[in-house]
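Worksheet: one structure, shown below.
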Amino acid sequence: MKEKTQTDLNKHLEYAEKARKHYNQMKSAIDHYTVLPFDFAENVLLPNKVDEPGIFYLKTRKIELFGINNEKTNVQHNFLIDECFKISKGPDTVISMLHHT
């Protein structure tokens with residue numbers, strides 16, 4: 001069982017390496033296309049360290065993080081959305097943030 005798992009992992013890593021090489025060749029060969037990977041990340045709690053004294057630290061804030069990376073220019077845009085702004089994670093929200101970038 002362990003040998004089969006290792007063999008499967010090696011095959012996967014080989015395939016992933018070939019796929020990455022092909023992707024990089026295609027990315028550099030085509031000038032008029034832009035690749036924009038994007039995703040909602042895990043929620044972030046602010047402040048991160050809550051054992052500090054003071055009224056500010058009595059309540060933490062939950063922040064949603066949405067990131068868009070431009071593969072051609074290698075520039076990343078991050079949207080930080082406070083918990084008081086209830087947004088859906090549907091297509092309208094994503095398209096709005098993509099359009100804003």
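No value in this document is a laboratory result; all are computed from the given coordinates. What you see is a predicted model; the values in this text were computed from it and never measured. Reconstructed Cβ throughout: ideal geometry from the backbone, glycine too, with neighbour counts over all protein chains shown.
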- If R0 is 22 Å, what FRET efficiency do you get for R20 and T93 from their C-beta distance, rounded to 0.05? 0.15
- Relative to the present Cα-Cα distance, how much length would full extension add between V35 and N10 at 0.36 nm per residue of separation? 6.2 nm
- Task: Quick one: order H12, H32 by neighbouring beta-carbon count within 10 Å, fewest to most.
- Result: H32, H12
- To the nearest 10 degrees, how steep is helix 91-100 against the longest Cα principal axis of the chain, on a 0 to 90 scale? 90
- Farthest toward the dipole's positive end in the chain, which of Y33, T60, F85, given Cβ charges of +1 (Lys, Arg) and -1 (Asp, Glu) about the Cα centre? Y33
- Item | Over the chain: helical MRE at 222 nm, DSSP H runs n ≥ 4 each giving -39500 (n - 2.57), nearest 500 | -13000 deg cm²/dmol
- So, relative contact order of the chain in percent, Cα under 8 Å, 6 or more apart, is 20
- Just rank V44, V75, fewest to most, by other beta-carbon atoms within 10 angstrom. V75, V44
- Where Cα atoms sit under 18 Å apart: lysine pairs in the chain separated by 8 or more or lying on different chains: 9
- Item | Exposure proxy order (Cβ contacts within 10 Å, fewest to most) of M1, M26, M97 | M1, M26, M97
